[in-house]
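Encoded as structure tokens, the structure appears first; notes follow it.
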Amino acid sequence: QVQLVESGGGLVQAGGSLRLSCAASKSRISISVMGWGRQAPGNQRELVATITSGGLTNYADSVKGRFTLSRDNAKNTVLLQMDSLKPEDTAVYFCYVKRFDSATYWGQGTQVTVSS
């Protein structure tokens, strides 16, 4: 089992920035992928950014060039820097991890609201 502790989020005006942080508990099986997903009302949850243990990142087209994901493998933490935020980025954001045994875990979520 992996416990995820999220922090960050809140209310910001369009064009502003926010930072989300997630810390994962130690696991018997190492974590391969960390990232963030989001879910807006009426929409399915989607992964917006992921990073492998080797540092390879992947971003959804909707956030490319605006969001930056970084990871500290030693601390099992991942940081999502969100810049140039748009009202359509409003959603509940969830931390995501995938272990090397393919088990996946989601955090409890943190609200991000971008006002126009």
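The values are calculated or read from the model by the stated rules, or taken from the named source; none is laboratory data. Note that the coordinates shown come from a computational prediction; the quantities given were computed from them, not determined experimentally. So basically every Cβ, Gly included, is an ideal-geometry build from the backbone, and we count neighbours across all protein chains shown. Heads up: the accessible areas ignore ligands, DNA and RNA and are worked out on the full protein's heavy atoms, side chains in. Shrake-Rupley method; radii C 1.70, N 1.55, O 1.52, S 1.80 Å.
Worth a mention:
- Projected area averaged over orientations for the chain, convex hull of C-alpha atoms, nm²: 6.7
- Within the same chain, lysines fewer than 8 places from K26 are excluded, and of the rest, those with a Cα less than 18 Å from its Cα are K75, K98.
- Here the stretch 18-116 is treated with +1 on each Lys and Arg Cβ and -1 on each Asp and Glu Cβ, and its dipole about the Cα centre works out to around 300 debye.
- Calculated accessible area for the chain comes out at 54 Å² per residue, all protein chains present (probe 1.4 Å; ligands, DNA, RNA ignored).
- For L85, distant residues with modelled amide H under 5 Å away: G15, G16
- Ranked packing of 3-12, 81-90, most packed first, by mean Cβ within 10 Å: 81-90, 3-12
- Reach of K86 by Cα under 24 Å, taken over lysines that are not fewer than 8 positions away in the same chain: K64
- DSSP loop trypsin sites (Lys or Arg not before Pro) with at most 12 other Cβ within 10 Å excluded, longest remaining stretch of the chain: 76-116
- For the chain, carbon and sulfur atoms together expose 47% of the accessible surface, with a 1.4 angstrom probe and every protein chain in place.
- Across the stretch 74-84, coupling constants 3J(HN,Hα) worked out from phi with the 6.51/-1.76/1.60 Karplus curve, θ = phi - 60°, read 5, 9, 6, 10, 9, 10, 10, 8, 10, 10, 6 Hz, and Gly and Pro carry x.
- Karplus-derived 3J(HN,Hα), 6.51/-1.76/1.60, for each residue of the stretch 42-59, Hz, glycine and proline x: x, 10, 7, 5, 10, 6, 10, 7, 9, 9, 7, 5, x, x, 7, 10, 9, 10
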